[in-house]
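Nothing in this text is a laboratory measurement; each read-out follows from the coordinates by a stated rule. For clarity, every value in this text was computed on a predicted model and none was experimentally measured. Cβ sites come from the backbone with ideal geometry, for glycine too, and all protein chains shown count toward neighbours.
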Amino acid sequence: MSTVAVILAADTGEGFSSPKYLTPIDGVAMLRQVVLGSFDWNVQNRVVVIGPDHELVADAIADLSVTVIVDPEWEEGASSPLRAALDHIMRDRQVSNCVIARADQPGVPARVVDALVERAQDSHADAVVPKYRYARGWPVVIGHGLLERLLGLEGDYQLHDVISMHATTIEECHFDELGTQILNTADQVAHRRR
């Protein structure tokens, strides 16, 4: 059985004058930085879902060993890019877990992802989520049973809400630190925590 990382990069963010995922973070395009970091995670494959400006965005990771999926329906909301990724990975019957990560969250420590994956493998829970001090965060690990249910979702939603509604078993991994900052707006990039 294998674990696949799905890196979601199919939204425009707010206030960006050029493609959000090409925004440089420490001199490296945001998406490229996240994908490079994922090579330290305990996963066997990586799938990146892109939407707007897909030709430009794909070029930023063209030399990396990842599967790139262009979601033509990305404007539908959060469900569409996730469905596109799950449709692809569910064809491989060896996939038992999926790490769902955000491409606007560069710098997630490998130890965090590895702890989530290990908990998922040990517990066989529908979902494993990180809890940073007092709040749930990203990335999350989804088990095979919940992956099938997520394929039927439509519209815009918060993945944590869907997990709470549809998962039979949810495990939390506790981390005594703040989660890595999500950079969804140009202002957040400009003022990000150092």
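Regarding Leu31, is this residue of a type in the set (A, V, I, L, M, F, W, C) and either touching a strand residue (DSSP E or B) at 6+ places or on another chain (Cβ under 7 Å) or under 17 Å from Leu183 (Cα atoms) (or both)?
So Leu31 fits the description; yes.
Considering the range 84-105 alone, what residues qualify as being over 11 Å from the mean Cα position of the chain (by Cα) and buried (at least 22 other Cβ atoms within 10 Å of the Cβ)?
Ala84, Leu86, Asn97
Six or more apart or on different chains, Cβ atoms under 9 Å: show the pairs whose first residue is in the range 112-134 and part of a helix (DSSP H, G or I) and whose second is aromatic (Phe, Trp, Tyr) and buried (at least 20 other Cβ atoms within 10 Å of the Cβ).
Filtered contacts from the range 112-134: Val113/Trp41; Asp114/Trp41; Val117/Trp41.
Being of a type in the set (Ser, Thr, Tyr), in a helix (DSSP H, G or I) and touching a residue at least 12 places away in the same chain (Cβ under 8 Å) is the requirement here; does Ser96 meet it?
Criteria not met by Ser96.
Just need a number here: residues in the range 169-194 that are assigned to a loop (DSSP other than H, G, I, E, B) and surrounded by 13 or more Cβ atoms within 10 Å (Cβ to Cβ).
Qualifying residue count, the range 169-194: 8.
Does Glu148 satisfy being touching a residue at least 12 places away in the same chain (Cβ under 8 Å), more than 15 Å from Val43 (Cβ to Cβ), in a loop (DSSP other than H, G, I, E, B) and charged (D, E, K, R)?
Here the answer is no, as Glu148 does not meet what is asked.
Taking the condition in contact with a Gly (Cβ under 7 Å, 6 or more places away or on another chain) and either free of Cβ contacts under 8 Å to residues at least 40 places away in the same chain or assigned to a loop (DSSP other than H, G, I, E, B) (or both), does Val108 pass?
Against the criterion (in contact with a Gly (Cβ under 7 Å, 6 or more places away or on another chain) and either free of Cβ contacts under 8 Å to residues at least 40 places away in the same chain or assigned to a loop (DSSP other than H, G, I, E, B) (or both)), Val108 qualifies.
Consider the range 106-131. How many of its residues are crowded, with 21+ Cβ neighbours inside 10 Å and acidic (Asp, Glu)?
Total satisfying the criteria: 1.
On the basis of being farther than 30 Å from Gln121 by Cβ, buried (at least 17 other Cβ atoms within 10 Å of the Cβ) and in contact (Cβ under 8 Å) with a residue 40 or more places away in the chain, does Gly15 make the cut?
Here the answer is no, as Gly15 does not meet what is asked.
List every residue pair whose Cβ atoms sit under 7 Å apart, with the two residues 6 or more apart in sequence or on different chains, where the first one lies in the range 175-194 and is over 22 Å from Asp11 (Cα atoms) and the second, anywhere, is among the β-branched types (Val, Ile, Thr).
Pairs found: Phe175/Val112.
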